[in-house]
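**Q** I have a structure I would like to understand better, so I am pasting it below and will then ask my questions one at a time.
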Amino acid sequence: MRRLSRSCRIVTTISLADIEAAAARISGHVRHTPVEVSPSLSARAGVSVHLKLEHRQITGAFKLRGATNAVLRLAEKSRPTGVSCASTGNHGRALAHAAKAAGIPAVICMSKLVPQTKVEAIEALGAEARIVGRSQDEAQVEVDRLVAEEGFADIPPFDHADIIAGQGTIGLEIAEDCPDAETVVIPLSGGGLIAGIARAVRARLPGARIVGVSMERGAAMQASLAAGRPVEVEEMPSFADSLGGGIGLKNAYTFEMVRDLVDEVILLTEAEIAGGMRHAYFEEREIIEGGAAVGIGALLAGRLRPKGPTILLLSGRNVDMRQHRAVINGANSLEEIA
Ligand SMILES: *Cc1c(COP(=O)(O)O)cnc(C)c1O
């Protein structure tokens, strides 16, 4: 009897051509964000350090790239009744904006526990905020119902080919704007962002090293890599709230792509993330959220040993400004913020 070898499995992955097609599709709908050198980080690291200012993307985070690519592809194939997801964070904002721009209704499902400010932010972007149940899982049940009964498309935040290809367009911009880059450092949660970027950078800058950074508190991808399969971890509050959540036990794309394309994953403490946010503010004059500060935090903490010209991706700026002020004033953990 022959065992099914790995090469016999149907491999679902995203190619450079998919990412180039995404770039052509979303161009004009999203910003090509700037890259700036950081003199203070370069001096500290002994190599030139460049910041990719993706927090200046429309809607304040890179997730608009994937959401726009997914929505425009749906509109090309067949116009759906609408699009939906259960994310109230940067993906929900991005999907609301992308759907409105394409003239497609969006219903963002969320639980009663979601703060009113987040509900209003989604509505301001032109989507319906539908309040269902008391947990994210109950909100997802309503998304599933919209798909089954009303012809909606569920657009998930990371484990989806069009989302990964859209986020990968950042990798094309890095290769174009920084052809000398040798180390590329990317915030890591579900892995859609780093999977897409790694695919593009590996193709365009074959020698470059790809490094992911997550927080110690609930690093689902790192735990899954260690286990050799997707596993669940306990979710804990963190400054890097946009890096929280699991990778999905039925993960279809990002687990294997991260395993095969990413060279190293670094985990940070809350104080190290806060240090990254403070450096961004005081030295770079940039307001960024905790999840976007992990590259700077890793470098300042000495956990990242950069080789050659280094790119740190600043992924978003949608931080609660009360929390940001507390960090700027020295808070090193959420527990210190009443
Ligand atoms: C979603 C998000 C990430 C992580 O992206 P994944 O594709 O889930 O790895 C990083 N930074 C910010 C600001 C985000 O919103």
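The values are calculated or read from the model by the stated rules, or taken from the named source; none is laboratory data. Quantities reported herein were computed from a predicted structural model and do not represent experimental measurements. Glycine also receives a Cβ, built like all others from the backbone with ideal geometry; neighbour counts cover every protein chain displayed.
**Q** Conditions first: (1) under 20 Å from A161 (Cβ atoms); (2) not assigned by TED's automatic domain parsing to the domain that holds E284. K112 passes all but one, so which condition is the exception?
**A** Failed condition: (1).
**Q** For region 68-106, which positions are more than 10 Å from the ligand (Cβ to nearest atom) and touching a Gly at 6+ places or on another chain (Cβ under 7 Å)?
**A** Scanning region 68-106 gives T68, N69, A70, P80, T81, C85, A96, K100, I104, P105, A106.
**Q** Can you name the number of the only condition in (1) at pLDDT 95 or above; (2) more than 14 Å from the ligand (Cβ to nearest atom); (3) at negative phi that P237 fails?
**A** (1)
**Q** Can you name every residue in region 249-298 that is more than 19 Å from G191 (Cβ to Cβ), crowded, with 24+ Cβ neighbours inside 10 Å and of a type in the set (A, V, I, L, M, F, W, C)?
**A** Once the filter is applied, which keeps residues that are more than 19 Å from G191 (Cβ to Cβ), crowded, with 24+ Cβ neighbours inside 10 Å and of a type in the set (A, V, I, L, M, F, W, C), region 249-298 yields A274, M277, A280, I288, I296.
**Q** Now for a separate question. Of these, V327, V319, which one is within 30 Å of V114 (Cα to Cα) and touching an Asp or Glu at 6+ places or on another chain (Cβ under 8 Å)?
**A** Going through V327, V319 in turn, just one is within 30 Å of V114 (Cα to Cα) and touching an Asp or Glu at 6+ places or on another chain (Cβ under 8 Å): V319.
**Q** Separate question: Residue by residue through region 107-122, note down the ones that are over 18 Å from E142 (Cα atoms), more than 16 Å from the ligand (Cβ to nearest atom) and charged (D, E, K, R).
**A** E120
**Q** Those residues that are more than 16 Å from the ligand (Cβ to nearest atom) and either free of Cβ contacts under 8 Å to residues at least 24 places away in the same chain or within 16 Å of the chain's Cα centre (by Cα) (or both), I need them from region 295-323; list them, please.
**A** Residues satisfying the conditions are G302, R305, R322.
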